[in-house]
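Everything below concerns the one structure shown next.
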2 protein chains.
Amino acid sequence: MIPTMRPFKHPPVNDFSLERLLYALSDPVRLEVVQRLAEVEEASCGELDGGRPKSSMSHHFRVLRDAGLVCTKGVGTTHMNSLRRAELEERFPGLLTAILAQHSLQK
Amino acid sequence: MIPTMRPFKHPPVNDFSLERLLYALSDPVRLEVVQRLAEVEEASCGELDGGRPKSSMSHHFRVLRDAGLVCTKGVGTTHMNSLRRAELEERFPGLLTAILAQHSLQK
DNA sequence: TCCATAGTTCCAATATTATCGAACAACTGA
DNA sequence: TCAGTTGTTCGATAATATTGGAACTATGGA
């Protein structure tokens, strides 16, 4: 068993871009994913699709990863996702907190 | 002289949308406009175009207005723009602050 | 009244993005 | 080794955004 699930590329904190982050979160599907991840700490892709096609979700997860918002690691046959909270707080202090606070108000 | 420059539509705070705001700020041109406005408090459209065509800027200002970020009022032949800081802070506490703080770091 | 200024609106061209089916790849368990 | 599960990648299509020229409107000054 040679082939291992190759890990995804996750940008280092220094490469985080404010515009890219804001863009990633301006999509309702992606914003919902991030909000859910804030509640559960960790979740597979399947747990986060709202019945949407896998290929669509795969696209959204990539956008979230590229923005530095989400970290995805392979665990068995599934991919576990989590927020990169500490690094986001380091690079954009207070930003994610303000966005997530907004969500909990709307429920 | 009957015709007066008809005022622009500015959404009330209750109609502000997080996604719309994030989207508006995910564009480099618009983000720059907002960052400049944070410094000068008030500026005409002409002062904020970076040599870009007026029609393009007019589009961007409309997006910013629709998101509730910017207020535009006619003054003489010019349009003066300002951030809707208080209302934004009321609706999205800490959000604009976090975004603007990010900018000043990058200079 | 005429002209210059500041922006808007209209329009078309271009570029980006979202969506999703189909084929593919990695892993687990039988 | 085969089958089932999970998710990615590829490719096409549709929807949406950005850009900027041209015509138009409002305003103020000469």
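The values are calculated or read from the model by the stated rules, or taken from the named source; none is laboratory data. The shown structure was predicted, so the numbers you read here are calculated from the model rather than taken from an experiment. Here Cβ is always computed from backbone atoms with ideal geometry, including for glycine, and neighbour counts include all displayed protein chains.
Tabulated data
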quantity	calculated
Breaking point among (1) more than 10 Å from chain A (Cβ to nearest Cβ); (2) within 12 Å of the chain's Cα centre (by Cα), for B:LEU25	(1)
Region A:53-82, subset touching a Cys at 6+ places or on another chain (Cβ under 8 Å) and basic (Lys, Arg), residue nearest to DNA strand D (Cβ to nearest atom)	A:LYS54
Pair list, Cβ < 6 Å and 6+ apart or interchain, from region A:69-93 residues that are part of a loop (DSSP other than H, G, I, E, B) to residues that are surrounded by 17 or more Cβ atoms within 10 Å (Cβ to Cβ) and at pLDDT below 95	A:PHE92/B:GLN102
Residue selected from region A:1-49 under the condition at pLDDT below 95 and either in contact with a strand residue (DSSP E or B) (Cβ under 9 Å, 6 or more places away or on another chain) or surrounded by 10 or more Cβ atoms within 10 Å (Cβ to Cβ) (or both), by the criterion nearest to A:LEU95 (Cα to Cα)	A:GLU41
Some residue of region A:40-48 being more than 14 Å from DNA strand D (Cβ to nearest atom), assigned to a loop (DSSP other than H, G, I, E, B) and over 30 Å from B:ALA67 (Cβ atoms)	yes
Candidate set from region B:61-84 (those that are away from chain A (no Cβ under 14 Å) and within 12 Å of B:VAL34 (Cα to Cα)); member that is surrounded by the fewest Cβ atoms within 10 Å (Cβ to Cβ)	B:SER82
Filter pass, B:ARG30 being farther than 21 Å from A:GLN35 by Cβ, free of Cβ contacts under 8 Å to residues at least 40 places away in the same chain and outside any helix (DSSP H, G or I)	no
Unique residue being away from chain A (no Cβ under 14 Å), over 9 Å from the mean Cα position of the chain (by Cα) and on the phi < 0 side of the Ramachandran plot when the list is B:GLU39, B:GLU32	B:GLU39
Unique residue being β-branched (Val, Ile, Thr) and out of contact with any Leu (no Cβ under 9 Å at 6 or more places or on another chain) when the list is A:VAL33, A:VAL63, A:VAL13, A:VAL29	A:VAL29
Residue tally, condition in contact (Cβ under 8 Å) with a residue 40 or more places away in the chain and facing another protein chain (nearest Cβ under 7 Å), over region A:10-22	1
